[in-house]
Amino acid sequence: MARRTHDIRRYPGFLPMTILCLTLLYAPLIVVTVYSFNASNSITNWEGVSLRWYVDVFTGVEADKYKRAAWNSFTIALIAATTATTIATLAATGMIRSGTFRLRTLSFGLISLPLMVPEIVTAVATLIFFNSIGFVRGYTTILLAHIAFCIPFAYMPISARMQGIEDSYEQAAMDLYATRRQAFTKILLPLMMPGIISGFLLAFIISLDDFIITNFVKGAGVETLPTAIFGAVKQGIKPNIMAISTMLLAVSVVMVTISYFISKSDNAK
Amino acid sequence: MGNTASAADTVAVSIDHVTKRYGTFTALRDISLTIADNEFFTLLGPSGCGKTTLLRMIAGFEDVTEGEIYLFGDEIETLPPNKRPVNTVFQNYALFPHMSVTDNVAFGLEMLGRSKAEARARAGEMLELVQLSRFADRQPSQLSGGQQQRVALARALAPQPKVLLLDEPLSALDLKLRQAMRYELKALQRETGITFIFVTHDQEEALTMSDRIAVMSDGRLQQLGAARDIYEAPHNVFVADFIGETNLLEVSVNEVKDDRATCDLGGGYILSCDAVEGIGQGAHVHMSIRPERLFLSDGPTEAQSLEGTVRDNIFVGTDIQTIVALREGPDITVRSSNSDRGNARIFEPGRAVHVNMEAGAARLLVD
């Protein structure tokens, strides 16, 4: 009844505003994707469809540099996401499954605060921290920084999921002679799996495309894909950058799709 | 309050001066009762009366603040839930959503270390018992509420617990199904010989299924007894009011003699009834008279009666309720069967009638 008159689609300017927003959001991505298949040396002139820049990424003069950067990016993202997800799962279990305790609200605040802190501040702070303890910058410093800032991203979907799971499942398990550990591994963990996978994928993506913190804590000679791309762009944008960007975009789309379907297949209902 | 379990019966559960406090809030005050083996025992009371807390303490989900709980003579307070030979049917069933029906039912036995084959075979038997064999491979979400309820029952019964705890298991079902399940539960209890401790706020449910009922309110045990005794001989105002419908009249006791009490209802009405221990001459108490133990007539009969005027008739299907105004005090409700056999007749509003009392219908209550 009320829906008809208050239908947002009937508001004046709804359609133009929608088109404007969609254009601003997606036009650049579409341009990059389309021009990554350009046969031209120029990034603006269209000279026909070709995969030459994709070939160039893997076999060209800069191929080794990008392969190393990609390897770093993926291994760091994998290890950081795995570690952060494990920590976030344990943190969620501890904070949500132990009833109310003193400083509970503070704990929730502390674990999600990094999401609100400007990234540049975290980057500078992390750099100062590594310097002050005399840690040599390189692969390890990037990895440690990534683990740290991935935790709140992994924590959000995991804790949201856990709050949706009633205590009675674990109680039923223990009532049926399961030990605390069995109730966790056989009941709680499987029920939490969609949240854990979402948390992992989110952490993975966040780690994969992080630039600011990585740029601050990386040592000389160690690059991830975002820092390598940034370095290359400083000397002018070549079409192979578009090919790399398009591939990164594809990875993200795949991950988000997986995450979507997993959260849709809700097994706790 | 008599504990009517005879000495020959084995005691399944013994609650000994149990108190439960949450901070400053006292959920249970000094509860003592024993539940016999093979008994269908019901904890009945309104929400917040502590009945579920007591059940959860037996299951091991809540600590005991004071007192002891014994299971077949063994003190169980220090045992975690998984070490107690009791199983629970949860209010929301708590079926594991990521497991099939069979896996749910077999879970308890597997946790007890039985082989997978044995556990599944036993699960099959249990599903047969609750007539759900066809659904063995389904997921719980593919079952109706009533079917889920039976899976929860089968799951809790599969490990052959010494005591089965049921936490308002019928409350989520619709009326017809709920009524059918009452008989099924009762039959299941007789068939398995397992002690059932059943928690409910539904007095009809309690009356139809239970061997004995413990009525609770405000964390206190109000009355303990056989279903019939609780209904026919309520101990206090709370029990009389909570179980079934009743007429509650304020009376003052004029005289107690030869186990009979003469009571003044005011307005010149005098009734005599059985004396109750603890209510002496001069006491101001309540009297309970069940509406179905009253009958109407035009003139006086041999029974004790009160004169009044018919105010209204209410048709409630099986019965007709007649509201009668007295000279003083609250209206009185009379229930007569909607059948010709009892020479039921309608007394039109405005008519002067006698409200007659069957012997033993009036009962004095302590407050």
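The test for being surrounded by fewer than 24 Cβ atoms within 10 Å (Cβ to Cβ), out of contact with any strand residue (DSSP E or B) (no Cβ under 9 Å at 6 or more places or on another chain) and either away from chain B (no Cβ under 13 Å) or under 18 Å from A:Phe261 (Cα atoms) (or both) holds for A:Ile212. For B:Gly266, the requirement of being on the phi > 0 side of the Ramachandran plot and at pLDDT below 90 is met. Taken over the stretch A:216-264, the criterion of being among the polar types (S, T, N, Q), outside any helix (DSSP H, G or I) and under 21 Å from the mean Cα position of the chain (by Cα) is satisfied by A:Thr224 alone.
Within the stretch A:45-58, the residues that satisfy the criterion of being surrounded by 10 or more Cβ atoms within 10 Å (Cβ to Cβ) and either polar (S, T, N, Q) or part of a loop (DSSP other than H, G, I, E, B) (or both) are A:Asn45, A:Trp46, A:Glu47, A:Ser50, A:Leu51. Counting the residues of the stretch A:116-143 that are free of Cβ contacts under 8 Å to residues at least 40 places away in the same chain and assigned to a helix (DSSP H, G or I) gives 7. In the stretch B:15-63, the residue that is surrounded by the fewest Cβ atoms within 10 Å (Cβ to Cβ) out of those that are over 25 Å from B:Leu188 (Cα atoms) and of a type in the set (Phe, Trp, Tyr) is B:Phe25. Is it fair to say B:Thr88 is surrounded by 16 or more Cβ atoms within 10 Å (Cβ to Cβ), polar (S, T, N, Q), under 19 Å from A:Ala183 (Cα atoms) and touching a Gly at 6+ places or on another chain (Cβ under 9 Å)? Spelling it out, it is not the case that B:Thr88 is surrounded by 16 or more Cβ atoms within 10 Å (Cβ to Cβ), polar (S, T, N, Q), under 19 Å from A:Ala183 (Cα atoms) and touching a Gly at 6+ places or on another chain (Cβ under 9 Å).
Residues that are surrounded by 15 or more Cβ atoms within 10 Å (Cβ to Cβ), within 14 Å of chain B (Cβ to nearest Cβ) and either free of Cβ contacts under 8 Å to residues at least 24 places away in the same chain or more than 21 Å from A:His146 (Cα to Cα) (or both) do occur in the stretch A:252-262. Could you list, in sequence order, all residues of the stretch A:115-134 that are farther than 17 Å from A:Phe211 by Cβ and among the hydroxyl-bearing types (Ser, Thr, Tyr)? Within the stretch A:115-134, just A:Ser132 meets the criteria.
With the structure loaded, tell me whether A:Ser112 is within 28 Å of A:Ser252 (Cα to Cα), modelled with pLDDT under 90 and among the hydroxyl-bearing types (Ser, Thr, Tyr) or whether it fails that test.
Working: within 28 Å of A:Ser252 (Cα to Cα): yes; modelled with pLDDT under 90: yes; among the hydroxyl-bearing types (Ser, Thr, Tyr): yes.
Yes; evaluated as a whole, the condition is true for this residue.
I want to confirm something. Restricting to the stretch B:143-177 and keeping residues that are away from chain A (no Cβ under 14 Å) and hydrophobic (A, V, I, L, M, F, W, C), which single residue is farthest from B:Leu71 (Cα to Cα)? Among those residues, the one meeting the criterion is B:Leu175.
Would you be able to say whether some residue in the stretch A:217-230 is more than 14 Å from every other protein chain (Cβ to nearest Cβ), buried (at least 17 other Cβ atoms within 10 Å of the Cβ), modelled with pLDDT under 90 and touching a Gly at 6+ places or on another chain (Cβ under 7 Å)? Even if it seems obvious, please write down each step before you answer.
First, the residues of the stretch A:217-230 that are more than 14 Å from every other protein chain (Cβ to nearest Cβ): A:217-230.
After this cut, where a residue has to be buried (at least 17 other Cβ atoms within 10 Å of the Cβ) as well, the list is A:217-218, A:222-229.
In the following step, the residues that additionally are modelled with pLDDT under 90 were identified as none.
Checking the stretch A:217-230: not a single residue is more than 14 Å from every other protein chain (Cβ to nearest Cβ), buried (at least 17 other Cβ atoms within 10 Å of the Cβ), modelled with pLDDT under 90 and touching a Gly at 6+ places or on another chain (Cβ under 7 Å).
With the checklist (1) free of Cβ contacts under 8 Å to residues at least 12 places away in the same chain; (2) under 30 Å from B:Leu109 (Cβ atoms) in hand, flag the one item A:Ile187 doesn't pass. The number of the failed condition is (1).
So, B:Thr102, is that one farther than 19 Å from B:Leu153 by Cα and polar (S, T, N, Q) or not? Reasoning before the result, please.
On the way: farther than 19 Å from B:Leu153 by Cα: no; polar (S, T, N, Q): yes.
Against the criterion (farther than 19 Å from B:Leu153 by Cα and polar (S, T, N, Q)), B:Thr102 does not qualify.
Meeting the requirement of 1 or more residues that are over 23 Å from A:Leu188 (Cβ atoms), more than 14 Å from chain A (Cβ to nearest Cβ) and among the small types (Gly, Ala, Ser), the helices (runs of 4 or more DSSP H) wholly within the stretch B:41-142 are B:116-129.
Of all residues in the stretch B:192-216, those satisfying the criterion of being crowded, with 17+ Cβ neighbours inside 10 Å and more than 12 Å from the chain's Cα centre (by Cα) are B:Ile194, B:Thr195, B:Phe196.
Hey, could you check the stretch A:176-190 for residues that are crowded, with 22+ Cβ neighbours inside 10 Å and either within 14 Å of the chain's Cα centre (by Cα) or assigned to a helix (DSSP H, G or I) (or both) and say which is nearest to the other protein chains (Cβ to nearest Cβ)? First the steps, then the outcome.
Filtering the stretch A:176-190 for residues crowded, with 22+ Cβ neighbours inside 10 Å gives A:176-178, A:183, A:187.
When the remaining residues are screened for being either within 14 Å of the chain's Cα centre (by Cα) or assigned to a helix (DSSP H, G or I) (or both), the result is A:183, A:187.
Details: A:Ala183: 8, A:Ile187: 6 Å.
Going through the qualifying residues, I end up with A:Ile187.
Taking the criterion of being more than 14 Å from chain B (Cβ to nearest Cβ), surrounded by 19 or more Cβ atoms within 10 Å (Cβ to Cβ) and hydroxyl-bearing (Ser, Thr, Tyr), the residues of the stretch A:130-170 that qualify are A:Thr141, A:Tyr155, A:Ser159. Flag not set for A:Ala173, criterion: more than 14 Å from every other protein chain (Cβ to nearest Cβ), farther than 22 Å from A:Met116 by Cβ and either buried (at least 21 other Cβ atoms within 10 Å of the Cβ) or free of Cβ contacts under 8 Å to residues at least 24 places away in the same chain (or both).
Just so you know, in the stretch B:290-328 the residues that are in contact (Cβ under 8 Å) with a residue 24 or more places away in the chain and among the small types (Gly, Ala, Ser) include one that is surrounded by the fewest Cβ atoms within 10 Å (Cβ to Cβ), and it is B:Gly299. Looking only at residues in the stretch B:135-178 that are in contact (Cβ under 8 Å) with a residue 12 or more places away in the chain and among the basic types (Lys, Arg), the one that is surrounded by the most Cβ atoms within 10 Å (Cβ to Cβ) is B:Arg155.
The values are calculated or read from the model by the stated rules, or taken from the named source; none is laboratory data. Given the structure is predicted, the values throughout are model-derived calculations rather than measurements. Glycine also receives a Cβ, built like all others from the backbone with ideal geometry; neighbour counts cover every protein chain displayed.
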